[in-house]
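Let me begin by presenting the structure, written as structure tokens, before commenting on it.
We did not get these values from a lab; they are worked out from the coordinates using the rules stated. Owing to the predicted nature of the structure, the values given are computational and were not obtained by experimental measurement. Virtual Cβ from ideal backbone geometry, glycine too; neighbours counted across all protein chains shown.
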Amino acid sequence: MKFFVDTANLDQIRDAQDLGVLDGVTTNPSLMAKEGITGQNNILKHYVDICNIVDGDVSAEVIATDFEGMVKEGEALANLHEQIVVKLPMIKDGIKAAKYFNDKGIRTNVTLVFSAGQALLAAKAGATYVSPFIGRLDDVSTDGLGLIAEIRQIYNNYGFETQILAASVRHTMHIIDCAKIGADVITGPLSSIEGLLKHPLTDIGLAKFLADFNKGN
Ligand code: E4P
């Protein structure tokens, strides 16, 4: 299972990389804006900065919503760095663009996926990754993890190689549940990954070991 962090914050990406378990980064226009990165040149430079920190795939999202625009933007993004994966919205032209890029050997991530049917189309188009947003589904009283399970079953039925990238992960239990279901990748805040470290019995046990060691020294 791959771990991606969902941020454009370079400090957080460095911290995640330092932990030694990071496989990639996902970004989106909102995450870029949150870091104050605006303007085409600054955004492109920021993607390169991220690629230079992380050892893995970096999803960079197109802004265009028409096929020609997505192709032009996606090609420019893919040319920036070999680690870039072109992120495309789950709309008709996004699916056409995913097929186009797949035929050219350029990797894609189809984003804003909220149904099994959308995920089926993304796989048919040859997307490298499909991003179902589980947290946003949970937010509207819909079963985000249930969607991951449905997509897993469909992809297994037909041997689709598209990787299920569980996105909009909000907390540590999302990661554990995604691992049980068989998501290929999760992307979330670093805090959700660091939450996997924690157990009170580990802390109590370590404190006791250290105290016992100190008694004899
Ligand atoms: C996925 O690639 C998105 O960037 C992301 O996971 C959205 O998460 P949010 O619902 O926390 O904004």
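Points to keep in mind about this one:
- For the stretch 15-37, the set of residues classified as over 22 Å from LEU112 (Cα atoms) and exposed (fewer than 12 other Cβ atoms within 10 Å of the Cβ) consists of ASP18, GLY20, VAL21, GLY36, listed by residue number.
- The residues of the stretch 50-65 that are touching a residue at least 12 places away in the same chain (Cβ under 8 Å) and surrounded by 14 or more Cβ atoms within 10 Å (Cβ to Cβ), listed by number, are ILE50, CYS51, ILE53, VAL54, GLY56, ASP57, VAL58, SER59, ALA60, GLU61, VAL62.
- Selection status of ILE13, closer than 18 Å to THR108 by Cβ, part of a helix (DSSP H, G or I) and within 14 Å of the ligand (Cβ to nearest atom): no
- Residue in the stretch 89-104 that is closer than 27 Å to VAL140 by Cα, buried (at least 19 other Cβ atoms within 10 Å of the Cβ), within 15 Å of the ligand (Cβ to nearest atom) and under 13 Å from the mean Cα position of the chain (by Cα) present: no
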